[in-house]
Amino acid sequence: QFSPDTISNSVQRIGYVFGISGYEGSTNEFGRYYDFISSSNFFVGINPGIVVESFLSFGWFYLIPIIIFFELSFAILHLYRKLLFGSDIFIAILVLHGMQMEIPYLVGLLFKIALLGLLLRLVEIYIPSRVR
């Protein structure tokens with residue numbers, strides 16, 4: 001059930017999330033394929049969420065990216081729990097929001113908040129304890 005266009009579309013979407021490239025696709029393809037919306041509707045998009053999108057893109061191998069996303073999410077939550085008290089709740093909400101969107105959106109979100117967390121950790125390490 002693997003579609004070869006999945007990889008190129010995902011790379012294009014990830015580039016769009018990071019501001020590197022444009023993206024011309026739409027989420028209408030999912031709704032049209034399963035007859036949730038009419039084939040002439042170009043205004044309403046449907047995001048199936050990462051579990052459904054992974055299954056439709058990778059077949060039964062969908063468990064591999066799902067496990068990777070969850071493990072990365074828990075590592076990021078652990079990082080923020082050590083940085084700022086209570087900030088892990090905000091990060092958990094962001095991650096859950098990303099999981100109901102498209103996979104490239106979630107990948108971009110996870111990398112952005114991981115980078116921010118690592119930068120905050122470096123600031124915490126290099127600021128003398130007297131200043132803190």
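The values are calculated or read from the model by the stated rules, or taken from the named source; none is laboratory data. What you see is a predicted model; the values in this text were computed from it and never measured. Backbone-built Cβ (ideal geometry, glycine too); neighbour counts: all protein chains shown. Protein only, heavy atoms only, side chains kept; ligands, DNA and RNA dropped before computing areas. Shrake-Rupley method; radii C 1.70, N 1.55, O 1.52, S 1.80 Å.
Listed by first and then second residue, the pairs with beta-carbon distance under 7 Å, at least 6 apart or on different chains, first residue in the stretch 78-99 and open to solvent by less than 30 Å² (accessible area, probe 1.4 Å), second assigned to a helix (DSSP H, G or I) and among the charged types (D, E, K, R), are 80/88; 83/121; 83/124; 88/81. With the checklist (1) surrounded by fewer than 17 Cβ atoms within 10 Å (Cβ to Cβ); (2) at pLDDT 70 or above in hand, flag the one item residue 45 doesn't pass. Against the list (1) surrounded by fewer than 17 Cβ atoms within 10 Å (Cβ to Cβ); (2) at pLDDT 70 or above, residue 45 comes up short only on (2).
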